[in-house]
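Notes follow once the structure below has been shown.
Here, each number is a calculation from the coordinates, and none is a lab measurement. From a predicted model like this one, the values you see are computed outputs, not experimental measurements. Cβ placement follows ideal geometry from the backbone for every residue including glycine, while neighbour counts extend to all protein chains displayed.
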Amino acid sequence: MTSSVKIPELLQLSWPGAGPFFGCDQDWFPRFWQRKAGCGSCTGANILHYFSGRKKLSLPHDVVDQESFVRLMEYCWQYLTPSFRGLNSPFLMQKGLDEMMEHLGCPGKSLVLAVPDDPALRPSLKTAEQFIRAGVQSDSPVAFLNLHNGGQEQLENWHWVTVVGIKGDENRAKLDIYDNGIRLAVDLGDWLVSAERGGGFVYVSQA
C-alpha cells in the first residue's frame, strides 16, 4: 500500500531559471553554519510551505522564488536553531514546529515517535510504519531525523529530511523522501535495524 501527502507536488519547487527541486536545499543559506547545520530549518520550511499551499496557515511572507524561500528557511532557523551538536532530538523539532504553528495561526500540534540509540528499545517496524503513514495520510509531511544512516548510503548522517510518502507495509516499507532538492527512497526497516544511533519522526497532527 502506498500513502502520501495529498499534493506532494507542492514541495517540487520550480521557478523561472531554477529547479525543479524536491524540497529546499540547506546550501541556499547565506552563512556557513546555516549551510552546515540547517537541515532542521529546511525541513521545517518544507512543512510550512506545504501547509501554506494547503491553506492551513499563512506564511510570514509570500514565497515566489528561491530568494523568498530562503527567507522562509531563515524564519524557521529562529525556532529550529541548532546547537553545536545540531538539532539532534525529535523533541527539539516538535518544540520549534509547535511554536511556529501557534504564531502562524495553525491549530495543529506535533506528534513524536522517538527512536532511541539502543536497538533493543526502538519501536518496531510496524509501529514506525503506522506512525509515518498516519502522518502523511493526515496530509502532513513527516520530519525524519537520522543520527546514523544505517548503511542507507543516500542518507547523510546526523540529518533531517522530509518524508512525503511511504510504500509497502509493516513487513517492508520504503520512505519517499525529499532532501536538499533530491528525491530519495529509503528502506525503513533496514534503517531501524542497522542505524548505530537513533533519531525520530515528527509530524503536525491536524486533529
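Max-minus-min Cα coordinates of region 1-136 on each principal axis give 48, 38, 29 Å, with the largest extent listed first. Over the residues of the chain, the helix contribution to mean residue ellipticity at 222 nm works out to -10000 deg cm²/dmol, using -39500 (n - 2.57) for each DSSP H run of at least 4. A straight chain from residue 9 to residue 55 at 0.36 nm per residue would run longer than the Cα-Cα distance by 15.1 nm.
Nearest 10 degrees, 0 to 90: what angle lies between the long axis of helix 90-103 and the longest principal axis of the chain (Cα atoms)? Result, in degrees: 30.
Among the trypsin sites (Lys or Arg not before Pro) found in region 143-205, those both in a DSSP coil and sparsely packed, with 14 or fewer other Cβ atoms within 10 Å of their Cβ, are 172. For the chain, the Cβ-based charge dipole about the Cα centre amounts to some 280 debye (Lys, Arg positive; Asp, Glu negative; other atoms uncharged). Each label point was placed 7 Å from the Cα along the Cα-to-Cβ direction; for residue 154 and residue 194 their separation is 1.3 nm. In a DSSP loop and with at most 10 other Cβ atoms within 10 Å, the chymotrypsin sites (Phe, Trp or Tyr not before Pro) in region 71-143 are 84. List, in the order given, every pair from 95/167; 36/174; 95/174; 55/95; 6/109; 6/167 whose Cα-Cα distance in the structure shown is over 24 Å. Beyond 24 Å between Cα atoms: 95/167; 36/174; 95/174. Here is the list for region 10-77: trypsin sites (Lys or Arg not before Pro) lying in DSSP coil, each with at most 13 other C-beta atoms within 10 angstrom of its C-beta, are 31, 55.
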